[in-house]
Amino acid sequence: MTEFLAMGGYGAYVWPCYALAVLVLGLNAWLPWRRHRRLDRQRHTRPVE
């Protein structure tokens, strides 16, 4: 298992890239969801003119 994690000596470069990719994918899902939720909340709380 440690050999797999070490990736032949390149693990210090490979795993941070995987972590960054997961972070970017997570933000790509979370930020639009948060914006949609905020806009939906504003739309429902705004008084009708």
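The values are calculated or read from the model by the stated rules, or taken from the named source; none is laboratory data. Because the structure is predicted, anything quoted here is derived from the model rather than measured. Heads up, the Cβs are rebuilt from the backbone with ideal geometry, glycines too, and the neighbour counts pull from every protein chain shown.
Would you call Ala12 part of a helix (DSSP H, G or I), of a type outside the set (Ser, Thr, Tyr) and surrounded by fewer than 10 Cβ atoms within 10 Å (Cβ to Cβ)? Judged against the criteria, Ala12 is a match. Among the candidates Arg38, Arg43, the residue that is surrounded by 10 or more Cβ atoms within 10 Å (Cβ to Cβ) and part of a helix (DSSP H, G or I) is uniquely Arg38.
For residues that are of a type in the set (S, T, N, Q) and modelled with pLDDT of 95 or more, tally how many sit in the chain.
Kept after step one, since they are of a type in the set (S, T, N, Q), are these residues of the chain: 2, 28, 42, 45.
Going one step further and asking which of them are modelled with pLDDT of 95 or more, we end up with 28.
Looking only at that region, the number is 1.
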